[in-house]
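S.K.: Below you'll find the structure I mean.
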Amino acid sequence: MSVVARREDFAELVLDEPTLDPQLCLRALGAVVSQHPHDLEPVPPIIEFDPQRFKLARDVGAVAGLDSRTDLLTMDPYAFEQLVQELLEAMGYETWRTQNSRDDGLDAVTVKRDGGGVTVVAVQAKRTKNAVPVETVRALLGAVDLTNASRGVLVTTSWFGKASYDTAAGKGERLHLVDGRELRSLLLEYLGVDALIGLPKLPRGWQSNTAN
């Protein structure tokens, strides 16, 4: 089972009361309990998001400055980070942009709350015309471990190589890579922005009309 309780709520419980009902207590505290509590059966952990683990920065709007065919490669890097943040917010996440973090592979942190608890996601946004190096992927994985985030998301205007995908695949659900094609699709779906990514060259397997 997994449960998070405030000190004042827990203090109301009289643990030595003979008529104390543990099941009712867990239900009142919003605990997550497996269907077979006597077996070793995992449940989604309830995680309280602690912003103090991250260096957060104040936000500035980005979508308002975009027209329907803005080339993302011409955006200021910080404006691009903010655009990714606004996209994640439109997808249902609470987001905070981190302070200048070029040394720790982290640009933003997002939180999604649902019936299973709180999912904390570390985010990096790479506005580039070249393939994202595998070292960038590894740096984000390091940031995920350092901050105890649930997983990481790496968003780019370009693409990833085989080594990057192999690294992400080796971590299961811990890392999701979003290339330029997926980014354009998400921007259109969630923000109504038909953005342009004017890559000077396209990776193998991309059609010429997928990034323009």
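S.K.: Find all pairs meeting these conditions: Cβ atoms under 8 angstrom apart; at least six residues apart or on different chains; first residue within the range 1-14 and within 12 Å of ALA31 (Cα to Cα) and in a loop (DSSP other than H, G, I, E, B); second residue modelled with pLDDT under 75 and hydroxyl-bearing (Ser, Thr, Tyr).
M.R.: Final answer for the pair search is MET1/SER34.
S.K.: Continuing with this model, one more query. Check LEU40 against each of (1) open to solvent by 40 Å² or more (accessible area, probe 1.4 Å); (2) modelled with pLDDT of 70 or more and name the one condition it does not meet.
M.R.: For LEU40, the exception is condition (2).
S.K.: Moving on. Quick check on my filter: what residues within the range 155-197 are in contact with an Asp or Glu (Cβ under 7 Å, 6 or more places away or on another chain) and open to solvent by 70 Å² or more (accessible area, probe 1.4 Å)?
M.R.: Hit for the range 155-197 is LEU188, nothing else.
S.K.: Name the single residue that is most open to solvent (accessible area, probe 1.4 Å) among those in the range 124-140 being part of a helix (DSSP H, G or I) and over 18 Å from ALA108 (Cα atoms).
M.R.: Filtering the range 124-140 for residues that are part of a helix (DSSP H, G or I) and over 18 Å from ALA108 (Cα atoms), the one most open to solvent (accessible area, probe 1.4 Å) comes out as GLU135.
S.K.: Since ALA149 meets every condition but one in (1) of a type outside the set (Val, Ile, Thr); (2) surrounded by fewer than 20 Cβ atoms within 10 Å (Cβ to Cβ); (3) part of a loop (DSSP other than H, G, I, E, B), which condition does it not meet?
M.R.: Single failed check for ALA149: (2).
The values are calculated or read from the model by the stated rules, or taken from the named source; none is laboratory data. What you see is a predicted model; the values in this text were computed from it and never measured. Positions of Cβ are generated from backbone atoms using ideal geometry, with glycine treated the same way; all protein chains shown enter the neighbour counts. Accessible surface areas use protein heavy atoms only, side chains included; no ligands, DNA or RNA. Shrake-Rupley method; radii C 1.70, N 1.55, O 1.52, S 1.80 Å.
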